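Some notes on the structure that comes next.
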Amino acid sequence: MSDTIRPVALVTGVGRSIGIGAGIARQLAQAGWNVAFTYWTPYDARMAWGVEADAADTIAKGLAERGAETVAVEADLADPGAPERVFDEAESRLGAITALVMCHCESVDSGLLDTTLESFDRHFAVNARATWLLVREYGRRFHGAPGTGRVIGLTSDHTVGNLPYGASKGALDRITLAAAHELAHLGITANVINPGPIDTGWMSDDLREHVLRQTPLGRLGSPQDTAHLVEFLCSPQGQWINGQLLKSNGGFAD
């Protein structure tokens, strides 16, 4: 990274200002990146936390305050055409993408016996198929200097009582890690981060206490904890870490 030219990161799943995706976007902006980000308001509307009014504008303003040029793209990543459209819009506004950071997800709790076909298919469409299509689009378009490209996916190992989410995140792992080898000729690294349970407003009091008891450091994880690792992986100093599934969870043991 030079002092005058800011590389561009595309961060998916940035729908709430307190979310992990927003924390990552802010950290990258602070570190000298321009940032394109995606969000999907109907997903938040279905979830217990609801829609945050003007979230995209609030997040974009925060990125601009950190010196970043930014573009927000609303996109339903269950649509197979969405990744191409996202890249088209991001590149037309900011230029070529150097880092792809995937924080998007579909996450609706259900188990082996009560998961519906519709829910299963949507989880895999968003968490697995969209991941593949985003990585594919990125690889097809990348023309940066060898060693500068980055692909990072966020995952989870929570499957019990959360079957379609956990299973589709497992697929995300393998798709992302494959990129470390299949995109090696382009000089791109690819890694997966498991941030563990991060309290972004979805935890009950009982769950919060459980997590605290199971974490040696005695505190909850924050989006900033994940954001610092993403910043490092995207930096020149993080280049040698490649093809890894990294746990960044404070030692949490379920």
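Full extension of the segment from Phe232 to His185, taken as 0.36 nm per residue of separation minus the current Cα-Cα distance, would add 14.7 nm. Report the calculated FRET efficiency for Ile5 and Leu245 (r = Cβ-Cβ distance, R0 = 35 Å), to the nearest 0.05. Taking R0 as 35 Å, the efficiency between Ile5 and Leu245 is 0.65. Listed from fewest to most Cβ neighbours within 10 Å, the set Thr131, Thr200, Thr176 follows the order Thr200, Thr176, Thr131. For the stretch 175-254, take N as its residue count and report Rg(C-alpha) divided by 2.2 N^0.38 Å. Taking N as the residue count of the stretch 175-254, the ratio is 1.30. Between Leu113 and Ala178, the modelled label-to-label distance comes to 3.5 nm, taking each label 7 Å out from Cα in the direction of the beta carbon. As a rough footprinting exposure proxy, the listed residues Lys61, Lys247 were ranked by other beta carbons within 10 Å of their own, and the order from fewest upward is Lys61, Lys247.
Over all Cα atoms in the stretch 1-116, the spread is summed up by Rg and Dmax: 14.9, 55 Å. Considering only Val71, Val108, Val86, the mean-square fluctuation computed in a Gaussian network model of the chain, springs between alpha carbons under 10 angstrom, is largest for Val108. Exposure proxy shown here: for Asp205, Asp88, Asp114, Asp199, the number of other Cβ atoms within 10 Å sets the order, fewest to most, as Asp205, Asp114, Asp88, Asp199.
At a Förster distance of 22 Å, what's the computed FRET efficiency of Arg46 paired with Met203, Cβ-Cβ distance as r, to 0.05? Once rounded, the FRET efficiency stands at 0.75.
When only alpha carbons are used to place a centre, the stretch 81-112 and the stretch 1-72 end up 12 Å from one another.
Taken about its Cα centre, the chain carries a charge dipole of about 700 debye when Lys and Arg each add +1 at the Cβ and Asp and Glu each add -1 at the Cβ.
Bear in mind that the values in this text are calculations on the coordinates, not laboratory data. Worth saying up front: this structure is predicted, and the values here are computed from it rather than measured. Glycine gets a Cβ as well: all are built from the backbone with ideal geometry, and neighbour counts include every protein chain shown.
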